[in-house]
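Engineer: There's a structure below that I have some questions on.
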Amino acid sequence: MITNQRYEKIMEYLNRKGTGSVNDLVGITSSSTATVRRDLTYLESKGLLKRIHGGATVDQMEQEEDYSDKSVKNLSKKLKIAQKAAGMIEDGDTIFVDAGTTTYEMMPFIKASSITVVTNSITLIDQLVRNGHNTYVLGGKVKPTTKAVVGHDVVDKLRNLTFDKCFVGVNAVDVHHGFSTPDEDEAYIKRTAIVQARRAFVLADSSKFDRSAFVKFADIEEASIITEPAQHPFLEKIKKRTDIIRGDDNDLYGDI
C-alpha cells in the first residue's frame, strides 16, 4: 500500500472509531509497526491526530472560527482572489458559489451577464438578487458559524444539477490530505459541487497552505486553485498537479 493510501486508511479508521491502537492500524494497512508509527508521527505534525500511548486519537470536536471573525482576516488577499475568481465567470454560465468569506467578496466583481447562480450561503442572497442574477438558494439547516445551509437535502439537490463552474472555499490545503474543512456536512456539499461542475475552483489564500482540517473533500488534482499574487513554497510542491491561478495577473502554473 502506497503512503497516501495508508494515510487515508488510518484517518478513515480513526474518524470512525475515535481511537486506534498501533496494532489496529497495522492490521488495516497491512504495514509494519515501524511504518505505522512513522505515519502517525507525520499525521500528528499536520494536526490530524494526537499520538497516545500505543496508538492515536482524533479530536472530533474541532471548532471552526465564526464567520464574522474570518471575514476580517487576510481581507486584502481575499479581495484579489475574489476579483480573479469573478473574472472566470462568463456570460450565460450556470455556477455554484459556496458559503464562505472569500466567495462573499466575489459578488461586487461579477461582470458576466445572464448567469444563473446556485448557492448554499445566506450571506450572498441580497447582493446576487440586487445585481440581477438568476439566483437559487438551496434549502436546509443554517449553520450559524459559517452562514451555510447544510444537510442531506442540499446534497441531494446538488446531485441533480450540473454547473459550468463551481467556486468553493477551503480551510486547509495539504500535499497529501488535499482540500479539507472542519465540518463534515460542509465537506459533503463542497465535494458534491466539485463533482457536478465541469470546472471547479478552490479559493485559498496562503494562510491555508500546508495545513489539514478534519474532513477532506477533494484531492489537489480535482480543482484549480485561485490564490493571491505572492509566491509561496507550497505552490512549488503542487504546481504539476493542478492549475494555480494568481489574483494579480494571468500567470499560471499549468494550462487554463
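Engineer: Has segment 166-174 got any residue that is part of a helix (DSSP H, G or I) and in contact (Cβ under 8 Å) with a residue 40 or more places away in the chain?
Structural biologist: no
Engineer: Name the residues in segment 197-214 that are over 23 Å from ASP248 (Cα atoms) and either within 15 Å of the chain's Cα centre (by Cα) or surrounded by 21 or more Cβ atoms within 10 Å (Cβ to Cβ) (or both), would you?
Structural biologist: ALA197, ARG211, SER212, ALA213, PHE214
Engineer: So which strands (runs of 3 or more DSSP E) are wholly in segment 38-113 and hold at least 1 residues that are surrounded by fewer than 17 Cβ atoms within 10 Å (Cβ to Cβ) and either at pLDDT below 85 or among the polar types (S, T, N, Q) (or both)?
Structural biologist: So the answer is 50-52, 55-57.
Engineer: Say whether the condition of being closer than 28 Å to PRO229 by Cα, surrounded by 15 or more Cβ atoms within 10 Å (Cβ to Cβ), touching a residue at least 24 places away in the same chain (Cβ under 8 Å) and touching a helix residue (DSSP H, G or I) at 6+ places or on another chain (Cβ under 9 Å) is met by at least one residue in segment 150-162.
Structural biologist: No, the conditions are met nowhere in segment 150-162.
Engineer: With respect to VAL175, is the statement that it is of a type outside the set (Asp, Glu), over 21 Å from ILE238 (Cα atoms) and surrounded by fewer than 18 Cβ atoms within 10 Å (Cβ to Cβ) true?
Structural biologist: no
Engineer: Would you be able to tell me the number of residues in segment 200-214 that are over 22 Å from ASP93 (Cα atoms) and either free of Cβ contacts under 8 Å to residues at least 60 places away in the same chain or of a type in the set (D, E, K, R) (or both)?
Structural biologist: Total meeting the criteria: 5.
Engineer: Condition test on ALA34, is it assigned to a strand (DSSP E or B) and either modelled with pLDDT of 90 or more or buried (at least 19 other Cβ atoms within 10 Å of the Cβ) (or both)?
Structural biologist: It is false that ALA34 is assigned to a strand (DSSP E or B) and either modelled with pLDDT of 90 or more or buried (at least 19 other Cβ atoms within 10 Å of the Cβ) (or both).
Engineer: Of the residues ALA193, ALA200, ALA187, which single one is closer than 21 Å to ASN160 by Cα, in a strand (DSSP E or B) and out of contact with any Lys or Arg (no Cβ under 6 Å at 6 or more places or on another chain)?
Structural biologist: ALA200
Engineer: Please work out if PHE217 is among the aromatic types (Phe, Trp, Tyr), surrounded by 19 or more Cβ atoms within 10 Å (Cβ to Cβ) and within 20 Å of ASN4 (Cα to Cα).
Structural biologist: So PHE217 fits the description; yes.
The values are calculated or read from the model by the stated rules, or taken from the named source; none is laboratory data. None of the values given here were measured: they were computed from a predicted structure. Using ideal geometry, Cβ is built from the backbone for each residue, glycine included, and neighbour counts are taken over all protein chains shown.
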